[in-house]
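**Q** Take a look at this one; I'll ask things after.
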Amino acid sequence: MIQSTQGGAATHAPLLAIEGLTKSFGKVEVLRSVDLGVAKGEVVTVIGPSGSGKTTLLRCVNFLETYDSGSIRIDGREVGYKDAGGRVRRGERELAGIRADTGMVFQSFNLFPHLTAAENVMLGLRKVRGKSKAEARAAAEHWLSRVGLGHKADSLPGELSGGQQQRVGIARAVAMEPKILLLDEITSALDPELVGEVLEVVRSLAAEGMTMLMVTHEIAFARDASHRIVFMADGKVAAAGPPSEVLAAASHNQRLGAFLARFRASHF
Amino acid sequence: MGYHLNFNLIWRHFDKLWGGLILSLELAVLSIAIGIVIGLVLATWYVSAGRVARAVIGAYVEFIRNVPLILLVYLVFYGLPKALNLAYDAPTSFVATLSIYSGAYLVEVFRSGLEAVPRGQLDAGKAIGLTPWQRFFHVRLPTMIRITLPALSNTFISLFKDTSVASVIAVPELTYGAQWINFNTFRIVEVYLVVTAMYLVTGYGLLFALRLVERRFRVR
């Protein structure tokens with residue numbers, strides 16, 4: 001599977017192509033010329049110490065953050081800017097259309113607290129995809145069942161556990177049938193005993209060929225579930241490749257070795 | 001020398017109090033409704049506005065909050081018609097005044113509510129492809145209303161009580177009715193006891209109803 005997707009990535013333009021991406025918050029350079037491609041059906045995991053720019057990178061992909069230079073293209077289309085006699089920020093309607101094709105799951109779930117689980121999933125289907133109420137409800141029930149929450153469709157977020165809320169968050173994102181799914185440390189806010197149920201859902205989506213770019217601290221999960229691992233440090237890609245290679249490179253890459261040593265101590 | 005309570009004269013003129021209470025409620029509901037529109041529009045504008053617009057809205061809020069309502073009522077009823085050569089009746093004048101007054105308080109309530117909506121929810125709205133207006137109507141507004149309900153209840157009760165100020169320009173609401181009965185019967189203790197009870201029961205009833213609404217829309 002890894003070979004085939006890598007072969008695909010070599011011959012076709014990747015679904016997501018990030019080139020020379022830079023981004024500063026004031027004087028702090030968060031991203032310093034990041035290059036990264038994700039092929040269709042590929043699962044790529046970004047790891048690295050906090051402050052290395054992982055989350056910012058992810059948030060640039062659906063333009064929740066602006067970026068200063070470089071490009072991010074999904075299916076060949078630049079995400080945040082267009083060339084109109086110079087680099088011009090896209091209008092809100094265009095951005096909304098691009099974001100609709102880019103699913104995102106957040107560390108803090110970010111469910112809409114006044115809507116039930118089903119209504120959380122339905123909102124985008126109704127307002128963005130223009131589906132009827134019945135169609136949207138059917139799709140919501142389908143996806144909630146897929147994440148094991150068919151029986152919680154009419155529960156409010158406040159009535160659900162963290163793991164259940166996060167699975168609703170996943171259902172809300174994938175119901176939009178995005179081209180790529182962005183997962184931003186989606187288990188970091190969960191109690192340890194709830195992490196497994198969420199990762200199980202991610203694993204099944206990967207098995208079905210969902211293209212995913214995720215940031216996680218679950219190194220063991222990253223090793224098992226992803227085709228490629230990207231190690232970021234100081235706003236740059238410091239190492240990238242198949243999980244076995246990247247994790248093995250720890251012996252001669254000092255930063256990576258130090259980073260992974262902390263996880264080995266606590267996780268392995 | 002004892003004062004003997006005698007409520008007979010009050011009951012004989014009770015229609016003045018009952019009609020007054022109904023008018024008080026009408027004044028409050030109308031003014032609050034207009035105030036809500038003012039408050040929502042200005043608060044929405046404020047949170048996305050530049051420095052100049054913020055300063056103007058801030059000046060309106062501070063002016064209203066630092067001038068006694070009774071002065072504003074006099075100003076609008078006696079001052080404005082002279083200055084602008086207008087003519088309007090006392091109830092209209094009072095509703096206009098209380099609307100502007102309640103608008104200033106509600107701008108503050110709605111503004112703090114809008115700013116309290118977690119950023120992550122707005123991000124989630126963006127991430128599923130909602131446009132800015134859709135994010136406002138389907139994400140920010142519903143959450144803001146739930147956040148502000150307790151503060152809104154308190155403001156509404158205060159504004160209901162503030163309708164008593166309309167008595168100074170002879171709007172025949174509840175307090176004015178009480179004054180009329182007092183002047184005509186001299187049963188000062190009885191009439192104000194009865195009117196106090198009427199404000200208390202109505203205010204408490206409103207609060208109870210609003211608390212039910214709050215419970216229904218509580219964010220967990």
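What follows draws every value from the coordinates through simple rules; no lab data is involved. As the structure is a prediction and not an experimental result, all values here were calculated from the model. Cβ placement follows ideal geometry from the backbone for every residue including glycine, while neighbour counts extend to all protein chains displayed.
**Q** The range A:9-57: which GluC sites (Glu not before Pro) are DSSP loop and have at most 15 other beta-carbon atoms within 10 angstrom?
**A** none
**Q** Now for a separate question. Just want to confirm a number: the relative contact order over the range B:8-217, from Cα pairs under 8 angstrom separated by 6+ residues, in percent.
**A** With pairs under 8 Å counted, the relative contact order is 33 percent.
**Q** In percent, what relative contact order does the range B:3-131 have, based on Cα pairs under 8 Å that are 6 or more apart in sequence?
**A** Value for the range B:3-131: 41 percent.
**Q** Give the dimensionless ratio obtained when the Cα radius of gyration of the range A:90-245 is divided by 2.2 N^0.38 Å.
**A** For the range A:90-245, the normalised Cα radius of gyration comes out at 1.07.
**Q** Normalized C-alpha radius of gyration of the protein assembly as shown, against 2.2 N^0.38 Å?
**A** For the protein assembly as shown, the normalised Cα radius of gyration comes out at 1.33.
**Q** Then there is this: Roughly what % antiparallel, to the nearest 5, for the DSSP beta bridges in the protein assembly as shown?
**A** 60
**Q** Here is a follow-up. Please report B:D123, A:D184, A:D191 as a ranked list, fewest other C-beta atoms within 10 angstrom at the top and most at the bottom.
**A** A:D191, B:D123, A:D184
**Q** If you average the alpha carbon positions of the range A:211-268 and of the range B:38-81, how far apart do those two centres end up, in angstrom?
**A** Cα centroid to Cα centroid, the span is 57 Å.
**Q** Gaussian network model of chain B, Cα springs within a sub-10 Å range: biggest mean-square fluctuation belongs to which of B:R51, B:R65, B:R140?
**A** Of B:R51, B:R65, B:R140, the most mobile in the Gaussian network model is B:R51.
**Q** Also, I was wondering about something else. Based solely on its DSSP helices, what 222 nm [θ] is calculated for chain B when runs of n ≥ 4 H residues each add -39,500 (n - 2.57) and the sum is averaged over all residues, nearest 500 deg cm²/dmol?
**A** Mean residue ellipticity, 222 nm, calculated: -25500 deg cm²/dmol.
**Q** Also, quick follow-up: Tell me which DSSP H helices of chain B clear both cut-offs, 27 Å or more of axial length from alpha-carbon atoms and a mean Kyte-Doolittle hydropathy of at least 0.5.
**A** Qualifying helices: B:14-48, B:90-116, B:141-162, B:188-216.
**Q** For the range A:8-69, just say rounded, prolate or oblate: build the C-alpha gyration tensor, square-root its eigenvalues into a ≥ b ≥ c, call rounded for a/c under 1.5, and beyond that prolate if a/b exceeds b/c, oblate if not.
**A** Because a/c hits 1.5 or more and a/b exceeds b/c, the range A:8-69 counts as prolate.
**Q** Going by C-beta contacts inside 10 Å, put A:I219, A:I170 in order with the fewest on the left.
**A** A:I219, A:I170
**Q** Now for a different question. In units of 2.2 N^0.38 Å, what is the alpha-carbon radius of gyration of the range A:45-169?
**A** Compactness ratio reported: 1.24.
**Q** Just need the relative contact order of chain A here, percent rounded to a whole number, with Cα pairs under 8 Å and 6+ apart.
**A** 24
**Q** While we're here: Could you put A:K152, B:K82 in order, starting from the residue whose Cβ has the fewest other Cβ atoms within 10 Å?
**A** In order of increasing Cβ crowding within 10 Å: B:K82, A:K152.
**Q** I've got another one for you. Within the set A:K40/A:K236; A:K54/A:K236; A:K54/A:K82; A:K179/B:K126; A:K27/A:K236, which residue pairs have Cα atoms separated by over 19 Å?
**A** A:K40/A:K236; A:K54/A:K82
**Q** Also, quick follow-up: With just the Cα atoms defining each centre, how far is the range B:151-181 from the range A:36-108? Give it in Å.
**A** Centre-to-centre (Cα) distance: 57 Å.
**Q** What are the semi-axes of the equivalent ellipsoid for chain A, taken as the square roots of 5 times the Cα gyration tensor eigenvalues, largest first, in whole Å?
**A** After scaling each eigenvalue by five and taking roots: 29, 24, 17 Å.
**Q** Per residue, how big is the convex hull of the range B:48-111 when only Cα atoms are used? Give it in Å³.
**A** Residue-normalised Cα hull volume stands at 98 Å³.
**Q** Percentage of Cα-Cα pair distances in the range B:1-157 greater than 20 Å, rounded to whole percent?
**A** 62
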